[in-house]
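Asks: Let me give you the structure first, and then I'll get to my questions.
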């Protein structure tokens, strides 16, 4: 496994990009300047979990139907969170449809 500028193995840093959702993604995107694998996972984390967080907040203001959809988004977020951490730890550059393409273009 390649090392990052932080001294970690890139698969560990990739996993850590997802641990706190968009927050840890932002931290790794700012501190990792060279490793494209880590920067990809950091940016994908920012995009995916940022959008899901905003959607959940906005929908949470809508009585009943918004609360139901917001709950479904939370379940989706947990599933994606686990999947993306596992794939990053396995050293895989797992791209989600829209967010993965955007992250790849900007790393």
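Derivation of every value follows stated rules applied to the coordinates shown; laboratory data play no part. Not measured: the values here are computed from a predicted model. Note that we place each Cβ from the backbone using ideal geometry, even for glycine, and neighbour counts take in every protein chain shown.
Asks: Enter the angle in degrees (range 0 to 90, nearest 10) between the Cα long axis of helix 10-19 and the first principal axis of the Cα atoms of the chain, meaning the one along which they spread out most.
Replies: Around 20 degrees separate the two axes.
Asks: Provide 4, 53, 107 in ascending order of the number of other Cβ atoms located within 10 Å of each residue's Cβ, fewest first.
Replies: Exposure proxy ranking, most exposed first: 53, 107, 4.
Asks: Okay, moving on. Could you tell me how far the Cα centroid of the stretch 70-88 sits from the Cα centroid of the stretch 1-42, in Å?
Replies: The two parts, judged by their Cα centres, are 18 Å apart.
Asks: Taking 0.36 nm per intervening residue step and subtracting the Cα-Cα distance, what contour gain separates residue 94 from residue 65 on full extension?
Replies: 7.2 nm
Asks: Out of 60, 21, 50, any idea which swings most in a Gaussian network model of the chain, alpha carbons joined below 10 Å?
Replies: Taking springs between Cα atoms under 10 Å, the residue moving most is 60.
Asks: Between 14, 66, 91, find the one with the highest GNM mean-square fluctuation for the chain; connect C-alpha pairs within less than 10 Å.
Replies: 66
Asks: Working from Cα positions, state the angle (0 to 90°, nearest 10) between the long axis of helix 22-31 and the longest principal axis of the chain.
Replies: Result, in degrees: 30.
Asks: Taking neighbour counts of Cβ atoms within 10 Å as a proxy for exposure, in what order, fewest first, do 104, 32, 10 appear?
Replies: 104, 10, 32
Asks: Can you tell me the orientation of helix 65-89 relative to the chain, as the angle in degrees between its alpha-carbon axis and the longest Cα principal axis, to the nearest 10?
Replies: Value to nearest ten degrees: 10.
Asks: Right, another one. By how many nm would the segment from residue 2 to residue 36 grow when fully extended, if each residue of separation counts as 0.36 nm and the alpha-carbon distance is taken off?
Replies: 11.1 nm
Asks: How large is the helix-only mean residue ellipticity at 222 nm for the chain, computed as the sum of -39500 (n - 2.57) over DSSP H runs with n ≥ 4, divided by its residue count, in deg cm²/dmol to the nearest 500?
Replies: Per the formula, -24500 deg cm²/dmol.
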